[in-house]
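What follows is a set of notes on a single structure, which appears directly below.
The values are calculated or read from the model by the stated rules, or taken from the named source; none is laboratory data. Being a predicted model, the structure only gives us computed values, none of them experimental. Ideal geometry is used to build each Cβ from the backbone, glycine not excepted, and the neighbour counts take in all protein chains shown.
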Number of protein chains: 2
Amino acid sequence: MLTHKRVDTNSLFLTEHLNNLGVEVVAKHVVGDDRNRIAGEILRALVTSQFVFISGGLGPTEDDLTRDAVAMALGREQKLDPAISDAIEQRFRQMNRVMPEINRRQGMVIEGAEVLSNDRGTAPGQWIDTGSAVVAILPGPPHELKSMFTRECLPRLVKLVPYSVIRTLELRISGMSESDLDQRIAPVYTRYENPVTTILAHNADMQVHLRVRCDTEAEAIALLADVGGQIEALVGDRIYSRNGDPLEAVIGQKLKATNSSLVVAESATGGGLGERISSVPGASAWFWGGFLTYNHRMKTEFLGVPEATLRQFGAVSKETAEAMANGARERTGATWAVSVTGNAGPTTDGEEAPVGTIIVGVSGPTGTTTLERRWPSGDRVRVRAFAAQMALDALHRELCK
Amino acid sequence: MLTHKRVDTNSLFLTEHLNNLGVEVVAKHVVGDDRNRIAGEILRALVTSQFVFISGGLGPTEDDLTRDAVAMALGREQKLDPAISDAIEQRFRQMNRVMPEINRRQGMVIEGAEVLSNDRGTAPGQWIDTGSAVVAILPGPPHELKSMFTRECLPRLVKLVPYSVIRTLELRISGMSESDLDQRIAPVYTRYENPVTTILAHNADMQVHLRVRCDTEAEAIALLADVGGQIEALVGDRIYSRNGDPLEAVIGQKLKATNSSLVVAESATGGGLGERISSVPGASAWFWGGFLTYNHRMKTEFLGVPEATLRQFGAVSKETAEAMANGARERTGATWAVSVTGNAGPTTDGEEAPVGTIIVGVSGPTGTTTLERRWPSGDRVRVRAFAAQMALDALHRELCK
């Protein structure tokens, strides 16, 4: 992770789950693909910590040194477990592929280690309890690590960690900035060390996490209800979920419950809005699809946006957004249609609206609304992500009416 | 970053640029929102390192403690710089918003620090040269950090770091697995310590980075050409770019050069394919848009897929993928159309194809081809990302014919 461009989601996932068990994460260390340096960090970590989790470096490629480094740090031998390499070979066969010879060494196991099964990939993990501490080796790919940790590590951890009750509340919020949210709720959460409050912001989507830790369940529930209730009262209907569900899932539930259907008409987002809506498993129950109309002709031909509207107001206008949403709804017969048009940048050509301008339209049984906003410009990826969030937020508000 | 779910892209960005200057990154440390602990890590880092980069914790919210921790570690005072808080207020005004009062403290500056301007957000950075080392404080949001580092830190670093020539080659590869790629090229790259070779894999998209470091430019260019040439010969036409351009940009360049146009017809990806194609700035020059047909009726009505095809072969079939691509091409008149259908899971209902099955169709001037693959199942997000990559790869191969 020191030289790679790979994104580190693993340590965040591990931290959250360890915290939930009451295990404090005191440090994270990232070291290069150097056997001695990795072994050194492990030895240092074992001085201060009861658990050392290591992720990555179990793959078959030449720079995967984790197993060797752990064996070196603990002064233990490794042996090939033929059952593991056979299972890896089997996995390749299921995908109609031949196992490359280098994958065989993924079957090496450190003396005394319990093997952690990998149901998402080829490399198994290892759990080495030295008596005074545990060293766990997990695979690097996040989907493999998450599954392995949940199935194999959590049950082992629960047996080793002293009991205390942890309860969490996750409020999800849309339609306000991080600064505004914090200014509103800081007077409450700064008065409490327990629960611990964390505010997360990602592309205009906000989360407030409260985590209480108490001796009894009754205490934990009461404290969480008290502090959580105060925060909920301050944020009001900007809260769209209380159970971790993302906005697209909440929208899906509302549409499904009312037997309604949804289509999209996207310009600036180019598919990003449909991608989010359809990311919810089972989305075909409410999402029919829609239209990516990235130029004028697609807008007129497939959504019936009048050429005069495009000429007079431009593609980035409330009039066009409204015509796009209406057209998508009428031509498909869906209950709801959401449109997005805008200028994501990085540059603007001629008469278009300023970079960062995003306009969404929501067409539904009771009419059509539009909403315009200018996001901070300069980052095309972010403006497009903001645009999809803004469209979902606008739709959600209409669905709540 | 210890308790948050935020993804750490900053340290990877910094590492890459520091490496390119010949600065080795010896460690990364992540510590919680605790003033003393942060200050402690800074002091420890200053013992071994000439540069200490700190990112995050400059925002206005209550847990942003970085400035205080650095001041504490260096034993320096902080003062409010009214010019900075005025500039922040101005920025809010430009977005038609009132600056929340808590943003004012983003104008606090550590004694002796040079202020690093932030053109993407409110919090300025700071550069403190103690004589023996440099401590730089950068904002947390990646788009802010990247801009600030490039504009403000790189020019300062170049003056402080001894000269040596670094040259890099970035090969991008699609259509083979990480294992297969490594097995093919390891015999070459393992023979060299210089260049350093790194293989990155992300959703079936592969990158091979070679970085040479030499005393003279001529040496660097010659060495890179030698080793890079050997690797290119082994990977062949699976290489789609040699300059860092992603697959969607390479496709865009090919379409633009031939004055061709592209539409999509997406089922399983639900917009993710269009999102990638349109992520390239200026994509409207070749990308017209397309159709998200997430149910049978959308496929028959807007793409003209025969009901008999859906009934006989199912929505996840080569026949449907072919009809989708042909329909999108014919109805829009675009030069090329790409379709994706499949079952991304997590579950399958009734007669659909197994989870992980993805079929893409490419329709162009010389006919239509389809391609079927079964990806490892179990992760809807990943299967959908694989599907978009597979569609782009199939299109790219046709464009290269």
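Considering each of A:82, A:124 in turn, give the residue that is more than 14 Å from chain B (Cβ to nearest Cβ) and either acidic (Asp, Glu) or within 29 Å of the chain's Cα centre (by Cα) (or both).
A:124
Quick one: which of B:54, B:38, B:102 is aliphatic (A, V, I, L, M), at pLDDT below 90 and buried (at least 20 other Cβ atoms within 10 Å of the Cβ)?
B:38
Report yes if residue A:341 is buried (at least 24 other Cβ atoms within 10 Å of the Cβ), modelled with pLDDT of 95 or more and in a helix (DSSP H, G or I), otherwise no.
Against the criterion (buried (at least 24 other Cβ atoms within 10 Å of the Cβ), modelled with pLDDT of 95 or more and in a helix (DSSP H, G or I)), residue A:341 does not qualify.
Consider residue B:371 against the criteria (1) assigned to a strand (DSSP E or B); (2) without any contact (Cβ under 8 Å) to a residue 60 or more places away in the chain; (3) within 12 Å of chain A (Cβ to nearest Cβ): it satisfies all of them except one. Which criterion is unmet?
(3)
Would you tally the residues in the stretch B:132-177 being under 30 Å from residue A:103 (Cβ atoms) and touching a Gly at 6+ places or on another chain (Cβ under 7 Å)?
The total comes to 2.
Considering only residues of the stretch B:105-121 that are crowded, with 16+ Cβ neighbours inside 10 Å, small (Gly, Ala, Ser) and closer than 25 Å to residue A:379 by Cα, which is farthest from the other protein chains (Cβ to nearest Cβ)?
B:107
Among the residues of the stretch A:147-154, is any assigned to a strand (DSSP E or B) and of a type in the set (D, E, K, R)?
no
Got at least one residue in the stretch B:137-147 being closer than 23 Å to residue A:59 by Cα, within 14 Å of chain A (Cβ to nearest Cβ), of a type in the set (D, E, K, R) and free of Cβ contacts under 8 Å to residues at least 40 places away in the same chain? Spell out how you get there, then give the answer.
Filtering the stretch B:137-147 for residues closer than 23 Å to residue A:59 by Cα gives none.
No, the conditions are met nowhere in the stretch B:137-147.
Return the total of residues in the stretch A:19-34 being over 24 Å from the mean Cα position of the chain (by Cα) and surrounded by fewer than 16 Cβ atoms within 10 Å (Cβ to Cβ).
Adding up the residues that qualify gives 1.
Name the residue, out of B:58, B:21, B:14, that is over 30 Å from residue B:216 (Cα atoms) and not charged (D, E, K, R).
Values: B:21 fails: over 30 Å from residue B:216 (Cα atoms); B:14 fails: over 30 Å from residue B:216 (Cα atoms).
That would be B:58, the only listed residue that is over 30 Å from residue B:216 (Cα atoms) and not charged (D, E, K, R).
Would you mind telling me which numbered condition in (1) of a type in the set (Asp, Glu); (2) crowded, with 20+ Cβ neighbours inside 10 Å; (3) closer than 23 Å to residue A:213 by Cα residue A:16 fails?
So residue A:16 meets the others, but not (2).
Considering every residue within the stretch B:53-65, establish whether at least one is on the phi > 0 side of the Ramachandran plot and within 14 Å of chain A (Cβ to nearest Cβ).
Yes.
Looking at this structure, is residue A:130 hydroxyl-bearing (Ser, Thr, Tyr) and buried (at least 20 other Cβ atoms within 10 Å of the Cβ)?
Against the criterion (hydroxyl-bearing (Ser, Thr, Tyr) and buried (at least 20 other Cβ atoms within 10 Å of the Cβ)), residue A:130 does not qualify.
Among the residues of the stretch A:264-282 satisfying the criterion of being facing chain B (nearest Cβ under 7 Å) and more than 16 Å from residue A:384 (Cβ to Cβ), which is surrounded by the most Cβ atoms within 10 Å (Cβ to Cβ)?
Result: A:278.
Among the numbered conditions (1) more than 19 Å from residue A:13 (Cβ to Cβ); (2) among the hydrophobic types (A, V, I, L, M, F, W, C); (3) within 14 Å of chain B (Cβ to nearest Cβ); (4) in contact (Cβ under 8 Å) with a residue 60 or more places away in the chain, tell me where residue A:102 comes up short.
Looking at each condition in turn, residue A:102 falls short on (4).
Can you find a residue in the stretch A:321-338 that is closer than 19 Å to residue A:287 by Cβ, under 24 Å from the mean Cα position of the chain (by Cα) and not in a helix (DSSP H, G or I)?
Checking the stretch A:321-338: at least one residue is closer than 19 Å to residue A:287 by Cβ, under 24 Å from the mean Cα position of the chain (by Cα) and not in a helix (DSSP H, G or I).
Residues are listed down the side, and each one gets a yes or a no for (1) closer than 30 Å to residue B:397 by Cα; (2) surrounded by fewer than 17 Cβ atoms within 10 Å (Cβ to Cβ):
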residue: B:147; (1), (2): no, no
residue: B:161; (1), (2): no, yes
residue: B:168; (1), (2): yes, no
residue: B:173; (1), (2): yes, no
residue: B:209; (1), (2): yes, no
residue: B:217; (1), (2): no, yes
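If I go through the stretch B:178-212 residue by residue, how many of them are under 22 Å from residue A:97 (Cα atoms), assigned to a loop (DSSP other than H, G, I, E, B) and without any contact (Cβ under 8 Å) to a residue 24 or more places away in the chain?
Here the count works out to 0.
Would you check if residue B:290 is more than 22 Å from residue B:367 (Cα to Cα), at the interface with chain A (Cβ under 10 Å from one of its Cβ atoms) and in contact with a Leu (Cβ under 6 Å, 6 or more places away or on another chain)?
Criteria not met by residue B:290.
Restricting attention to the stretch B:295-317, does a residue exist that is touching a residue at least 40 places away in the same chain (Cβ under 8 Å) and crowded, with 24+ Cβ neighbours inside 10 Å?
yes
Select from the stretch A:344-372 the residues that are touching a helix residue (DSSP H, G or I) at 6+ places or on another chain (Cβ under 7 Å), modelled with pLDDT of 95 or more and of a type outside the set (Ser, Thr, Tyr) and list them in ascending order.
Matches in the stretch A:344-372: A:358, A:359, A:360, A:361, A:362, A:364, A:371, A:372.
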